[in-house]
Amino acid sequence: MNIWKYILKRLLMVVPTLFGVSLLVFFIIHLIPGDPAQVMLYPKGTPEEIEALRHKLGLDKPLAIQYLDWIIGAVHLDLGTSVFSGEPVVTEIFRRFPATIELTLGALLIAVLVGIPLGVIAARKRNTLIDYSCITFSLLGVSIPVFWLGLMLIFIFAATLDWLPVSGRITMGLSLENITGFYLLDALLTGNFKALGDVSRHLILPSISLATIPLALIVRVTRSSMLDVLSQDYIRTAKAKGLPGQRIIFRHALKNALIPVITVIGIQVGSMMGGAILTEAVFSWPGIGTLIIDAIYNRDYPLIQGVVFIIALIMIIINLLVDIIYAYIDPRIRY
Amino acid sequence: MFRNKKLVYIVVLLLSAALVMTGCGGTGSPPASGEKGKDGTLIIARSTDADLIDPGFGWSEGDIDIIFHIYDGLVKFKNDDLEVEPALATEWKVSEDGKTWTFKLREGVKFHDGTDFNAEAVVHTFKRILDENNKYYGVVQGGYSYLEYLMADVVEDVVAVDEYTVDFKLNQVFAPFLTYMGYYSQYIVSPAALDKYGAKFPQNPVGTGPFVFEKWQRGEYVQLKANENYWGEKPKIDTLIFKCVPESSTRLMELQSGQVDVIKALDPGQLSKVEEDEKLELLSVPGANLFYAAFNCTKEPFTNQKVRQALNHAIDMDKIVEVIYEGSGTRAINSLPPTVFSFDETAGPYEYNPQKAKELLAEAGYPDGFETNLYTFIYARPYVAKPVQVAEVIKAYLEAVGVKVNIVTNEWATHSDIMDNMKHDIGLSGWYDIPYPSNFLKAMALEGANTGYMPDELVEMAKAAWATYDRAEQEKIYKEFQHKLYEAAPLIPIAHNNYTAAISKNVKGFELDIIGTVRAHKAYKE
């Protein structure tokens with residue numbers, strides 16, 4: 001099958017997948033006890049007042065009708081209105097997503113640029129002190145609670161050494177015109193280099209904190225995949241031909257070893273998009289993670305529904321991209 | 001040669017990694033430390049962002065703090081006893097029959113958008129919520145209106161008598177009326193801004209207050225600037241920022257490193273750290289709130305008054321305040337916080353006496369105790385920082401007198417649902433509100449406590465107290481009310497949580513009040 005056909009087929013599958021996700025989320029959030037009216041009024045409202053508010057919010061309609069209303073809206077790209085802020089869900093989400101994407105990219109950059117080299121080194125220096133250090137390092141990365149690590153980073157680099165800001169995306173009171181919502185990009189576009197420096201500095205600690213888990217996974221997967229590839233016949237042949245070592249590693253081995261690494265990266269990007277909740281909370285990062293946590297606690301149904309919908313969409317797109325990248329890296333893969 | 005090259009490669013890789021880890025900041029010069037929290041800018045870090053900056057519809061702590069700075073009421077609170085003094089109204093009087101309040105408005109006051117403050121604005125402020133024929137009714141899609149909650153049952157009409165005189169026509173004598181007018185939900189909004197922004201008014205608030213709304217970066221911060229044309233004392237700072245910092249440890253480090261000037265809502269464990277830090281000052285005020293355990297009085301065995309009294313005797317509340325509130329609170333005597341008018345210290349408390357508890361249980365027919373469920377919730381609320389730990393301590397005390405307790409923990413929304421539908425046996429809950437006795441006694445202890453205990457006698461007493469402007473008369477009724485509630489014991493009053501904030505020592509004139517809101521109107525930095 002031709003790759004374009006494959007992409008088209010995968011894109012068509014997005015529709016039933018999203019439909020399934022939305023249906024599932026809708027009924028799960030309505031099944032758990034507690035609704036927005038109770039959150040707002042308890043304990044001050046009488047049962048009649050709570051009922052009146054439910055009516056006002058349309059929560060007294062049958063579930064099937066509520067779902068139908070939502071899905072009809074969604075088809076028209078209208079994900080409803082947040083119960084608590086009264087603003088369109090789409091607006092709420094697009095206001096928060098740039099922060100999360102900026103943070104995810106920062107973390108990804110660190111994880112890839114540090115993780116792959118460490119993995120390669122560990123594989124090359126198998127069973128040496130360097131290898132053991134890399135393994136220990138990556139074990140620490142997955143074991144350290146992100147929450148604790150974040151607070152420690154703040155304590156050391158911000159509160160004690162005063163090298164970096166404690167939390168947030170930008171120093172309060174510093175002016176930066178909001179064009180795209182991506183502060184780094186906005187600073188570049190407006191030529192505001194003071195803000196650019198400030199925003200970069202704010203990005204460092206949360207990125208490191210968020211990078212630890214993907215970084216550790218990348219080190220381990222790169223290492224084992226490299227070991228596997230290095231024992232292949234064609235590597236032996238290359239060595240026998242007298243090719244220089246680093247050329248064997250980077251030209252012949254690494255490229256082939258990258259397939260599982262890219263799978264891991266893809267999955268990690270997806271989970272960072274929706275799962276950076278702890279990092280966002282520790283660093284007061286106004287992203288999608290803190291948004292969805294508040295939405296769940298408040299039972300802000302349209303907002304929960306909307307965020308999950310968008311995250312699902314992103315996961316699907318990332319998976320598709322990963323599959324396409326496979327074909328690019330390994331020409332033997334055909335769709 | 002070959003080996004060397006490889007080494008070079010590794011070194012380059014490690015260097016580039018190190019660069020990424022530490023070097024991104026190279027793109028710009030860091031702000032000089034003198035710039036942090038520039039003079040004239042006061043930054044307050046709170047756990048939440050605002051939702052709706054609109055007096056009519058805002059209801060969370062995140063909203064109320066900000067509304068008090070952007071808006072003014074006809075009157076304002078003079079002190080913690082909630083005595084009022086003139087604000088947008090210069091004088092007022094109540095009619096002979098007590099049902100019409102007439103306010104003379106301050107002349108020459110302008111909203112932040114430049115339009116005039118007048119009687120028309122007052123009328124629309126109230127009628128946009130109370131009168132569905134008003135042209136601004138339903139313009140803002142807020143779910144819940146506190147103004148409606150406080151006023152809808154009593155206010156019949158609001159009439160502009162002339163440009164600067166307004167009449168409020170009530171359907172009864174309503175004791176808390178003037179006090180309520182000083183509360184945020186009755187603050188006056190600009191009709192011109194309602195015209196201009198429509199449904200987006202809460203995101204573009206326009207009032208007459210000491211600060212003007214400037215910018216709201218959702219989830220991040222709300223920025224206000226001083227109102228140069230303020231009718232009263234002008235603010236001493238230029239910019240006021242409410243920054244959202246959800247994690248309490250991060251908040252404290254923000255303050256310690258000087259990146260913010262004030263932090264709100266400290267964890268009990270942080271209090272001593274702040275006190276020890278010579279650059280910081282701790283603000284702690286006895287809060288007008290109540291944390292309690294509600295009995296489901298419609299269910300066995302809590303239909304029995306003796307059982308309820310027994311369990312009140314079984315728990316050492318002082319210990320809870322000492323250990324879990326870490327001293328940052330006071331034990332509750334009865335349902336009314338001691339800071340509130342008419343509080344009667346003789347109406348309670350039940351002394352800690354496990355022996356007596358056992359005797360009462362035996363008298364009630366439960367010599368061997370019984371088994372019950374105690375419902376609690378995760379995460380702090382304004383009246384308690386550690387609700388799960390309180391439940392665990394209560395369990396230990398109750399089991400000591402033979403009552404077997406199963407703790408059921410939920411997050412808040414689920415917990416509200418259980419309490420609301422009276423599915424609990426004993427449920428932990430709390431209340432914080434404008435500290436008028438009727439709120440804590442009638443609205444909370446009878447209607448809102450989820451005890452199912454609502455005898456006609458007490459309801460009538462609460463109504464009688466409402467229907468007189470005579471403070472002495474009110475006090476008499478409320479004191480008797482407290483005694484009756486104490487006897488009946490439909491709930492276990494546990495504690496009143498202190499509201500806390502920490503400020504840098506160079507911040508002066510900053511206030512934290514008994515309803516837990518911050519006031520930066522008169523704040524300045526040395």
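In chain A, the longest principal axis of the Cα atoms and the axis of helix A:288-298 are about 30 degrees apart.
Projected label points at A:ILE156 and B:ASN171, each 7 Å from Cα along the beta carbon direction, are separated by 6.6 nanometres. Within the shell of other residues whose beta carbon sits under 13 angstrom from the beta carbon of A:GLY34, the net charge comes to -2, with Lys and Arg scored +1 and Asp and Glu -1. Averaging the sequence gap over all C-alpha pairs within less than 8 Å and six or more residues apart, then dividing by the number of residues, gives the stretch B:96-195 a relative contact order of 38 percent. Within the listed set A:MET272, A:MET13, A:MET172, the residue fluctuating most in the Gaussian network model of chain A (springs between alpha-carbon atoms under 10 angstrom) is A:MET172. Stretching the chain fully between B:LYS423 and B:THR90 yields a gain of 114.9 nm (0.36 nm per residue, less the alpha carbon separation). Distance from the C-alpha centroid of the stretch A:236-263 to that of the stretch B:405-452: 66 Å, rounded to the whole angstrom.
Diffusion coefficient of the stretch B:223-370 by Stokes-Einstein, Kirkwood radius over Cα pairs, 10 °C, 1.306 mPa s: 81 µm²/s. Semi-axis lengths, largest first, of the ellipsoid equivalent to chain A are 42, 27, 18 Å, with √(5λ) applied to each eigenvalue of the Cα gyration tensor. Exposure proxy shown here: for B:LYS442, B:LYS200, the number of other Cβ atoms within 10 Å sets the order, fewest to most, as B:LYS200, B:LYS442. Label point of B:ASN406 set 7 angstrom out along Cα-Cβ; within the stretch B:416-437, amide nitrogens under 17 Å from it belong to B:418-419, B:423-428. Under the simplified labelling scheme, the A:LEU11-B:VAL459 pair shows an inter-label distance of 6.4 nm, with each label point 7 Å from Cα along Cα→Cβ.
Mean per-residue shielding of peptide A:30-42 is 6, counting Cβ atoms of other chains within 10 Å of each Cβ. Remark on the stretch B:289-496: hydrodynamic radius 17.0 angstrom, per the Kirkwood mean of 1/r across alpha carbon pairs. Straight-line cross-link partners of B:LYS78 among the aspartates and glutamates, defined as a Cα under 19 Å from its Cα and at least 8 positions apart when in the same chain: B:ASP65, B:GLU91, B:GLU233, B:ASP433, B:GLU511, B:ASP513. Residues A:VAL15, B:VAL212, B:VAL384 in ascending order of nearby Cβ atoms (within 10 Å, fewest first): A:VAL15, B:VAL212, B:VAL384. In the distance distribution for the stretch A:136-183, Cα-Cα pairs more than 14 Å apart total 66 percent. Fewest-first ordering of A:ILE267, B:ILE67 by other beta carbons within 10 Å of each residue's beta carbon gives A:ILE267, B:ILE67. Using a Förster distance of 41 angstrom, determine the FRET efficiency expected from the C-beta separation of B:ASN506 and A:LEU18, and round it to 0.05. Result of the calculation: an efficiency of 0.15. Stokes-Einstein, applied to the Kirkwood radius of the stretch A:1-121 over Cα pairs at a viscosity of 1.567 mPa s and 4 °C, places its translational diffusion at 70 µm² s⁻¹.
Counting only DSSP H runs of at least 4 residues, each contributing -39500 (n - 2.57), and dividing by the residue count of the protein assembly as shown, the helix-based mean residue ellipticity at 222 nm comes to -14500 deg cm²/dmol.
Counting only residues at least eight positions apart within a chain, or on another chain, the lysines with an alpha carbon under 17 Å from that of A:LYS44 are B:LYS442. Pairs spanning more than 23 Å between alpha-carbon atoms, out of B:LYS264/B:LYS423; A:LYS56/B:LYS127; A:LYS56/B:LYS196: B:LYS264/B:LYS423; A:LYS56/B:LYS196.
Electrostatic tally near A:TRP70: other residues with Cβ closer than 14 Å to its Cβ, Lys and Arg +1, Asp and Glu -1, net -2. Taken residue by residue and averaged, Cβ atoms of other chains lying within 10 Å of the Cβ of B:133-146 number 3. Our Cα-only numbers for the stretch A:169-270 put the radius of gyration and Dmax at 20.8, 63 Å.
What the Cα convex hull of the stretch B:137-186 gives, in volume per residue, is 108 Å³. Counting other C-beta atoms within 10 Å, and keeping those with at most 13, which DSSP coil trypsin sites (Lys or Arg not before Pro) do you find in the stretch B:61-121? In loop regions of the stretch B:61-121 (DSSP not H, G, I, E or B), the sparsely surrounded trypsin sites (Lys or Arg not before Pro) are B:LYS78. Between B:ALA199 and B:ASP368, the FRET efficiency estimated from the beta carbon spacing at R0 = 56 angstrom works out to 0.40. Sparsely packed loop sites in the stretch A:207-287 (the trypsin sites (Lys or Arg not before Pro) outside DSSP H, G, I, E and B with at most 11 other Cβ atoms within 10 Å) comprise A:LYS241.
Of the complete DSSP H runs in chain B, those spanning 24 angstrom or more by Cα along the long axis with a mean Kyte-Doolittle score not below -1.0 are B:2-23.
Volume of the convex hull of the protein assembly as shown (Cα atoms only), normalised per residue: 192 Å³.
In terms of the Cα gyration tensor, with a ≥ b ≥ c the square roots of its eigenvalues, is chain B rounded because a/c is under 1.5, prolate because a/b exceeds b/c, or oblate? It is oblate, given that a/c is not under 1.5 and a/b is not larger than b/c.
Round to a whole angstrom and tell me the spacing of the C-alpha centers of the stretch B:117-173 and the stretch A:153-226. The two parts, judged by their Cα centres, are 48 Å apart. Just in the stretch A:103-150: which trypsin sites (Lys or Arg not before Pro) are loop by DSSP and have at most 16 other Cβ atoms within 10 Å? When the trypsin sites (Lys or Arg not before Pro) of the stretch A:103-150 are filtered for loop state and at most 16 Cβ neighbours within 10 Å, A:LYS125, A:ARG126 remain.
Modelled spin labels at B:LYS319 and A:LEU313, positioned 7 Å past Cα toward Cβ, are 5.6 nm from each other. With viscosity 1.306 mPa s and temperature 10 °C, the Kirkwood radius over alpha carbon pairs of the stretch A:61-187 converts through Stokes-Einstein to a diffusion coefficient of 82 µm²/s. Angle of helix A:301-329 to the longest C-alpha principal axis of chain A, folded into 0 to 90 degrees and rounded to 10: 20°.
No value in this document is a laboratory result; all are computed from the given coordinates. The model shown is predicted, which means the values in this text are computed figures rather than measured ones. Every residue, glycine as well, gets a Cβ built from its backbone with ideal geometry; the counts of neighbours run over all protein chains shown.
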